[in-house]
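The values are calculated or read from the model by the stated rules, or taken from the named source; none is laboratory data. Just so it is clear, the model here is predicted, and its values are computed rather than measured. Cβ placement follows ideal geometry from the backbone for every residue including glycine, while neighbour counts extend to all protein chains displayed.
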Amino acid sequence: MCYALSSVLVRILGRTDSTQSMMFWMTGMLSVGATALALPNWQPIKREHYWIILGVAFTGAIGQWGVTEAFKRAPAASVAPLEYSGLAWVMLIDFFVWSAIPTWTTLAGAAVIIGSGLYLLRFEARRAS
């Protein structure tokens, strides 16, 4: 629900706001919320983790910019299924970095999400023609 709302808001705000502006405000609001949730159990960040955090921040910013631009320029029903490839990437990274094998419930959930996305693509293609 929240993800769909975010996609619609990007589409509407994209008419008047820049991608950088939308990313700034989204990141700012998420930072405030995440800080509030983390504060009770906060642990200091170790110096050796700074590079990892910097890498995650850099790649995350590039990815968020790309997704925001895509939702701004194309119909959400066309972009969202492409974003589902993130599920496959997360499972691959999980496997190669931590040797974690997804459970059947994870795979079933991913299949439902990907199947729904493919259905949406097909439905939108039929409606457009």
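Of the residues in region 49-61, at least one is surrounded by 10 or more Cβ atoms within 10 Å (Cβ to Cβ), in contact (Cβ under 8 Å) with a residue 12 or more places away in the chain, outside the structural domain of residue 93 (by TED's automatic domain parsing) and closer than 27 Å to residue 89 by Cα. Suppose we keep only residues that are farther than 26 Å from residue 122 by Cα and not in a helix (DSSP H, G or I) within region 44-83. Which one would you say is modelled with the highest pLDDT? Among them, the one singled out is 46.
Checking each residue in region 69-92 for being more than 20 Å from residue 119 (Cα to Cα), buried (at least 16 other Cβ atoms within 10 Å of the Cβ) and among the hydrophobic types (A, V, I, L, M, F, W, C) picks out only 91. Every condition in (1) assigned to a loop (DSSP other than H, G, I, E, B); (2) at pLDDT below 90; (3) surrounded by 13 or more Cβ atoms within 10 Å (Cβ to Cβ) holds for residue 102 except the one numbered (2).
Whenever a residue of region 1-25 is closer than 14 Å to residue 75 by Cβ and among the small types (Gly, Ala, Ser), its partners that are surrounded by 15 or more Cβ atoms within 10 Å (Cβ to Cβ) and modelled with pLDDT of 75 or more, lying with C-beta atoms within less than 7 angstrom and at least six residues away or across chains, give the pairs 7/71; 14/72.
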